[in-house]
Amino acid sequence: MTERPQDADPQEAPPQQVQELAAEESKPWGFWITIGLSTVIAAGYVFAQVALTVVVTVAALSRGKNLDIEQFAQDLVTNGFFWSVAVITAAPVTIGLTLLFTALARGITLRDYLALQWRGGKGVVRWCAVLLVFVAATDLGMYLLYGSVVPEFMEKVYATAYFPPLLWFAFVAVAPVTEELFFRGFMFKGIRHSSVGPVGAIVLTSLTWALMHAQYDLYGITIIFLGGLLLGYARLRSGSIYVPIAMHVLQNIVATFEVACASAATNLT
């Protein structure tokens, strides 16, 4: 039996499956319920990181009575080791809530809701190639504006990573899977099948994703938003969450590699 691409764009679905796709389209949570549940998931993500911050701060206070709290907080914002642990700590909460709310939806499987469907390697390679072109273009723009392709924030994060493999694991593996399951998985599905439609789903998930990265400047947030549009479009056209996950992983590999190279060059000078 031929497997039906539950959530693929009809323009890319095989002709003999288009009618079946339209007739059997599954229904996720509605728009406002999706927004409400997404807010709960985001709150869980924030709570996990706040809890970690409290634990770290209390531990620091217990070790030094003369600790400058204001300076400590400022240093924590760009502490790479803290960021790595925070990303890893928040992931189980975010993914757990995403899977829970997805499983509670009736009449649709977890696989179909989150588009956990592999379409083959060719599509992944093609979309990753597009992603590399996007990264090259945005890096060029950043270099022309700032004289460097590495944001100052990321330079500070990498310099204080202390154990770089943990940072690589957090930013290259954990963050892409967590964020894509939530944004291009759960949020995308509910918004797409509302009156807002696929375009609204791509724009709203990209905007929310970009605003979550408030640690960057306006150019950085804009690039993240545009990157989200690309990931969302790839998700729509492919009908598979594995495509934007692969693209996100690749993007973070390139970004982290650039930071590592910049750091090494700084240490040599």
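The values are calculated or read from the model by the stated rules, or taken from the named source; none is laboratory data. Keep in mind the model is a prediction, meaning the values are calculated, not measured. All Cβ positions, even for glycine, are placed from backbone atoms using ideal geometry, and neighbour counts span all protein chains on display. Surface accessibility is based on the protein's heavy atoms, side chains included, excluding ligands, DNA and RNA. Shrake-Rupley method; radii C 1.70, N 1.55, O 1.52, S 1.80 Å.
Can you tell me which residues in the range 213-255 are in contact (Cβ under 8 Å) with a residue 40 or more places away in the chain, assigned to a helix (DSSP H, G or I), closer than 18 Å to M142 by Cα and open to solvent by 10 Å² or more (accessible area, probe 1.4 Å)?
We begin by selecting, within the range 213-255, every residue in contact (Cβ under 8 Å) with a residue 40 or more places away in the chain; these are 215-217, 219-220, 223, 226-228, 230-232, 234-255.
Now drop any that are not assigned to a helix (DSSP H, G or I), which leaves 219-220, 223, 226-228, 230-232, 234-238, 242-255.
If we keep only those that are closer than 18 Å to M142 by Cα as well, we get 219-220, 223, 226-228, 251-255.
Listed by number, the residues that qualify are Y219, G220, I223, L226, Q251, N252, I253, V254, A255.
Would you say A103 is under 16 Å from the mean Cα position of the chain (by Cα) and either among the aliphatic types (A, V, I, L, M) or not in a loop (DSSP other than H, G, I, E, B) (or both)?
Values: under 16 Å from the mean Cα position of the chain (by Cα): no; either among the aliphatic types (A, V, I, L, M) or not in a loop (DSSP other than H, G, I, E, B) (or both): yes.
Spelling it out, it is not the case that A103 is under 16 Å from the mean Cα position of the chain (by Cα) and either among the aliphatic types (A, V, I, L, M) or not in a loop (DSSP other than H, G, I, E, B) (or both).
Looking at the structure I just gave you, is A42 surrounded by 13 or more Cβ atoms within 10 Å (Cβ to Cβ), over 22 Å from G190 (Cβ atoms), in contact with a Ser or Thr (Cβ under 9 Å, 6 or more places away or on another chain) and modelled with pLDDT of 90 or more? Before you say what the answer is, go through the steps one by one.
Details: surrounded by 13 or more Cβ atoms within 10 Å (Cβ to Cβ): yes; over 22 Å from G190 (Cβ atoms): no; in contact with a Ser or Thr (Cβ under 9 Å, 6 or more places away or on another chain): yes; modelled with pLDDT of 90 or more: yes.
So A42 fails the test.
Can you find a residue that is among the β-branched types (V, I, T), surrounded by 13 or more Cβ atoms within 10 Å (Cβ to Cβ) and at pLDDT 75 or above anywhere in the range 56-73? Before the answer, list the steps.
Quick first cut of the range 56-73, residues among the β-branched types (V, I, T) only: 56-58, 69.
From what's left, surrounded by 13 or more Cβ atoms within 10 Å (Cβ to Cβ): 56-57.
Now restrict to residues that are at pLDDT 75 or above: 56-57.
Within the range 56-73, one or more residues are among the β-branched types (V, I, T), surrounded by 13 or more Cβ atoms within 10 Å (Cβ to Cβ) and at pLDDT 75 or above.
Can you go through T160, T138, T78 and tell me which one is touching a residue at least 40 places away in the same chain (Cβ under 8 Å) and under 24 Å from A42 (Cα atoms)? Before you say what the answer is, go through the steps one by one.
Numbers: T160 fails: under 24 Å from A42 (Cα atoms); T138 fails: under 24 Å from A42 (Cα atoms).
From the options T160, T138, T78, the qualifying one is T78.
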